[in-house]
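Following: one structure in structure tokens, then a few remarks.
The values are calculated or read from the model by the stated rules, or taken from the named source; none is laboratory data. Keep in mind it's a predicted model, so treat the numbers as computed, not measured. Heads up, the Cβs are rebuilt from the backbone with ideal geometry, glycines too, and the neighbour counts pull from every protein chain shown. Note: areas computed on protein heavy atoms with side chains; ligands, DNA, RNA excluded. Shrake-Rupley method; radii C 1.70, N 1.55, O 1.52, S 1.80 Å.
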Amino acid sequence: MQRVITQTVGITRCSAFRRKVLFSCYRQIAAMSTLLINQPKYSWLKELGLKEENDGVYNGTWGGKGEVITSYCPANNEPIAKVRQATMQEYEETVKKAKDAWKVWADIPAPKRGEIVRQIGDALRKKSKVLGSLVSLEMGKIFVEGVGEVQEYIDVCDYAVGLSRMIGGPVLPSERPGHALIEQWNPVGLVGIITAFNFPVAVYGWNNAIALISGNVCLWKGAPTTPLTSVAVTKIVAEVLEENKLPGAICSMTCGGADIGTALAKDERVDLVSFTGSTNVGKQVALTVQERFGRQLLELGGNNAIIVFEDADLNLVIPSALFAAVGTAGQRCTTTRRLFLHESVHDVVVEKLAKAYKQVRIGDPWDPSTMYGPLHTKQAVDMYLAAVDQAKQQGGTVVCGGKVIDRPGNYVEPTIVTGLAHNAPIVHTETFAPILYVLKFKTEEEAFARNNEVKQGLSSSIFTTDMGKVFRWLGPKGSDCGIVNVNIPTSGAEIGGAFGGEKHTGGGRESGSDAWKQYMRRSTCTINYSKELPLAQGIKFE
């Protein structure tokens with residue numbers, strides 16, 4: 001009898017366990033079925049090699065044994081798909097593989113490296129629209145901006161291909177007979193690239209293409225809130241490397257949070273850390289890298305201004321200010337946050353701009369007619385509301401906007417605030433949201449000084465037809481920013497020019513001009529091809 005009771009209890013326990021397992025499986029299946037990737041409308045995501053749960057580590061092979069995170073669509077806050085992040089053990093393994101891959105990559109002639117980068121650009125061309133759609137879906141920027149961001153990566157690949165045949169140092173005249181004096185440029189080795197959510201493709205592309213032709217390998221940590229974009233881009237790049245029978249670890253990736261970022265900053269094996277993000281986090285990265293005398297390239301915040309003089313062409317001013325303040329829902333580092341208007345044109349510009357704001361088409365970012373999409377996260381909405389409230393408390397008047405839009409997703413109204421002092425605390429705070437502070441000025445000296453008084457120094461612009469003002473603006477007493485524009489907005493930059501800023505923006509430069517030098521180390525080399533040994537300062541040893 002006892003044996004029968006025991007068997008009955010065992011069967012009951014087994015049944016309970018089975019029900020628990022089945023219930024758990026059912027919950028997982030139900031959760032997976034709610035993912036956007038499983039809906040027919042979003043089946044195009046699978047064209048990028050994405051699935052319900054994706055590996056978040058690539059170092060020649062795919063993996064990911066860390067925390068499983070879910071990526072959400074900012075337009076409706078629905079889950080898109082999942083990614084398994086890297087563990088610290090996988091980070092360690094990836095760094096080792098990347099360092100081994102560098103031994104292969106560094107021996108390949110620069111023009112041949114350029115050929116690989118050309119193929120990466122072509123591979124991106126084939127997927128530009130679908131990858132741009134993913135950027136729009138996961139980050140929240142409108143579709144044309146998403147595709148445009150992919151195009152930036154493609155363009156910098158083209159730029160890098162040409163650069164791969166042009167990198168060189170000067171041959172300098174030696175003061176010693178029978179000697180040659182030259183500069184030799186060599187790769188730094190392993191470049192760690194930490195990118196932000198607002199440009200989850202382009203910023204990696206700027207760094208990756210130039211670093212590769214310079215002879216470096218890359219380890220990418222994208223933003224934790226845009227992991228699907230990181231995975232999709234890496235799949236495209238990895239396929240090119242694999243087709244050319246090159247180590248995949250040349251372009252490695254580890255999805256993760258602050259633990260991976262901190263490890264990159266501390267790791268002496270990472271020869272250059274390129275960080276794009278907030279000034280606060282960038283400061284910590286800079287201190288950590290500097291402690292080990294490492295190299296750093298920082299692209300941080302921007303509290304950018306447009307200055308409009310009394311002689312400005314308002315037909316240029318209104319669309320420029322609108323695009324620069326509202327584009328990407330105010331989530332660009334080059335977004336215009338301060339608009340300085342000469343007192344004689346202040347009222348008319350505010351009136352015209354407010355009318356233009358009301359015509360902005362707000363909606364789903366992947367709808368071609370939409371001009372303005374959502375903020376990236378719910379936390380960004382909270383920051384927006386807090387900033388509007390502070391602006392009111394500090395004497396500002398909300399001319400238009402200032403509220404959350406009642407619809408699914410993280411939508412807020414593009415906002416104009418007038419009446420604040422130029423040095424009000426909120427005006428000197430970079431809120432990553434579509435809030436434009438409109439301020440009056442009287443003189444050129446006053447306007448230039450107020451442009452420069454904030455801690456950041458990324459982008460700036462004036463609108464005028466006075467050539468004297470233009471050249472003073474470009475000169476030593478003009479703008480102190482890295483990007484100094486005339487009669488165009490603060491946002492947008494061409495890949496042929498070096499991109500970056502001064503002061504709390506970090507001082508780094510990416511993309512064009514001679515930005516390639518940041519990814520290389522310089523050696524001054526002296527070669528004695530004579531049979532004499534002339535010594536410095538004329539010293540002679542008998």
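Only the Cβ atoms of Lys and Arg (+1) and of Asp and Glu (-1) were treated as charged; on that basis the dipole of the stretch 446-492 about its Cα centre amounts to roughly 40 debye.
Rounded to the nearest 500, the 222 nm mean residue ellipticity of the chain from helices alone is -12500 deg cm²/dmol, with -39,500 (n - 2.57) taken per DSSP H run of at least 4 residues.
Computed from point charges on the beta carbon alone (+1 for Lys and Arg, -1 for Asp and Glu), the dipole magnitude for the chain about its Cα centre is near 1720 Debye. For the chain, the share of accessible area belonging to carbon and sulfur comes to 55 percent (1.4 Å probe, ligands and nucleic acids excluded). Among the protein heavy atoms, those of Glu92 account for about 70 Å² of accessible surface (1.4 Å probe, every chain in place).
Taking 0.36 nm per residue of sequence separation and removing the Cα-Cα distance, the Lys378/Ile539 pair yields an extension gain of 50.9 nm.
Structural descriptor for the chain: relative contact order 16 percent, calculated from alpha carbon pairs under 8 angstrom and at least 6 residues apart.
In the context of the full set of protein chains, the chain has a per residue accessible area of 45 Å² (1.4 Å probe). Remark on Glu53: its backbone amide H falls under 5 Å from those of Lys82, a criterion applied only to residues 5 or more positions apart or on other chains, H modelled at 1.01 Å from N.
Separation of the stretch 510-542 from the stretch 352-380 is 55 Å, based on Cα centroids. For the peptides 345-352, 172-179, the ranking by packing is 345-352, 172-179, with the highest mean count of neighbouring Cβ atoms within 10 Å listed first.
Here is what passes the span test in the chain: the DSSP H helices with alpha carbon length of 15 Å or more along the helix axis and a Kyte-Doolittle mean of 1.6 or above are 314-326. The stretch between Ala106 and Ile167, if pulled fully straight at 0.36 nm per residue, gains 20.5 nm over its current Cα-Cα span. About its Cα centre, the stretch 393-542 has a charge dipole of approximately 200 debye under the convention of +1 per Lys or Arg Cβ and -1 per Asp or Glu Cβ, with nothing else charged.
Of interest is the spacing of the C-alpha centroids, which for the stretch 76-120 and the stretch 264-331 amounts to 25 Å. Given the alternatives (1) 115, 88, 42; (2) 107, 79, 41; (3) 95, 60, 60, Cα extents along the principal axes in Å as computed for this entry is given by (2).
If you sort Val144, Val285 by accessible surface, 1.4 Å probe, largest first, the order is Val144, Val285.
Normalised by the number of residues in the stretch 284-344, the mean separation of alpha-carbon contacts (under 8 Å, six or more apart) gives a relative contact order of 41 percent.
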